[in-house]
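Below: the structure, in structure tokens.
The values are calculated or read from the model by the stated rules, or taken from the named source; none is laboratory data. Nothing here was measured: the structure is a model prediction, and the numbers come from that model. Reconstructed Cβ throughout: ideal geometry from the backbone, glycine too, with neighbour counts over all protein chains shown. SASA here: full protein model, heavy atoms, side chains in, ligands and nucleic acids out. Shrake-Rupley method; radii C 1.70, N 1.55, O 1.52, S 1.80 Å.
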Amino acid sequence: FKLPPLGYANDALEPHIDAQTMMIHHDRHHAAYVNALNNFAKDVPELGSTPIEKTLADPAYIPLQFRQGVSNNLGGHWNHTFFWELMTPGGAKEPGSELKSAIEGSWRNVDEFKERMNAAGVGRFGSGWAWLIHDGSGLAVVSTANQDSPISDGNTPLLGVDVWEHAYYLKYQNKRPDYIDAWWNVVNWAKVAEGFKAASG
Ligand code: MN3
């Protein structure tokens, strides 16, 4: 397992997400998940040769004493790899036409969808994520605890926001709603649209 580089500088998402948060989040938190996985792979060699999504969907081959630890760190690795790609400096301010239509088919409009995501993120007690997922038939907003992945529930994540305190505390302290509001400014809608196309195709 390897820590993927950020596709942009630590300060690229300023002022919405500050450089120090990005550095610590990527270089320390994400790196810790990767290091833990490489340690687990010493005990469970199959882990290293199995696609991450496959293990998240069906971790039954992992011996019980390692399974929770593997799931936590594999989810952490996958979620963060995805999260870095879901953010971009200077991207489109809203979803492109096809994705926008799909969102408007599931909620009144894009603003209502954003409100649902905000509510899912703010309402997550403790640490976790809020997600836009494709469930095989359409779009939905869900929230997961800790590093749990929608993939484990058979869903395809299209967009996700990390609401662990480590994602925002330096700049936003206890104001998680302000962090999520700011995060919308850096969403990589092109990446979300790519996932939507693949999931609905
Ligand atoms: Mn995180």
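Given the condition aromatic (Phe, Trp, Tyr) and either under 27 Å from Lys54 (Cα atoms) or within 13 Å of the ligand (Cβ to nearest atom) (or both), answer yes or no: does some residue in the range 124-145 qualify?
yes
Can you find even one residue in the range 28-50 that is without any contact (Cβ under 8 Å) to a residue 40 or more places away in the chain, within 16 Å of the ligand (Cβ to nearest atom) and not hydrophobic (A, V, I, L, M, F, W, C)?
Yes, the range 28-50 has at least one match.
Of (1) part of a loop (DSSP other than H, G, I, E, B); (2) free of Cβ contacts under 8 Å to residues at least 60 places away in the same chain; (3) of a type in the set (A, V, I, L, M, F, W, C); (4) more than 16 Å from the ligand (Cβ to nearest atom), Ala12 satisfies all except one. Which?
(2)
Would you check if Asn79 is open to solvent by less than 20 Å² (accessible area, probe 1.4 Å) and polar (S, T, N, Q)?
yes
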